[in-house]
Amino acid sequence: MTNSDVDTSTSALVLIDLQNDNVHPRGAYASTGAAAHAESQNLVSHVSELLRWARSNDVPVLHNRIVSYPGRYFGGNIRADLPHDRTGVA
């Protein structure tokens, strides 16, 4: 990526749900296939490259994360304390 590709004065890098529970092979949601997909796409290395670029060009970086609590439902009918299949339904 070069600076000419992005107007850094009006841009931000937004990272959504990039946390171990989603991208680590032993994360809480690994059974949904999210971690395997992240690995197959080299997600962590690509995001690292984007972060380096954003920070070196004074582009704001926003991190969003999900929080779930055991026994509570989130994202429809998924409970945080139950194993998940690939459809996301407990």
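Any number yet on Rg/Rh for region 3-67, C-alpha, Kirkwood?
Working: Rg = 13.6 Å, Rh = 12.9 Å.
On the Cα set of region 3-67, Rg over Rh gives 1.05.
Under the convention that each Lys and Arg Cβ holds +1 and each Asp and Glu Cβ holds -1, the size of the dipole of region 3-67 around its Cα centre is about 220 debye. Other residues lying with their Cβ under 12 Å from the Cβ of residue 11 contribute a combined charge of -3, Lys and Arg counting +1, Asp and Glu -1.
Read the figures in this text as sums done on the coordinates, not as results from a lab. These numbers come from a predicted model, not from an experiment. Because the Cβ atoms are built from the backbone with ideal geometry, glycine has one as well, and the counts that use them run over all protein chains shown.
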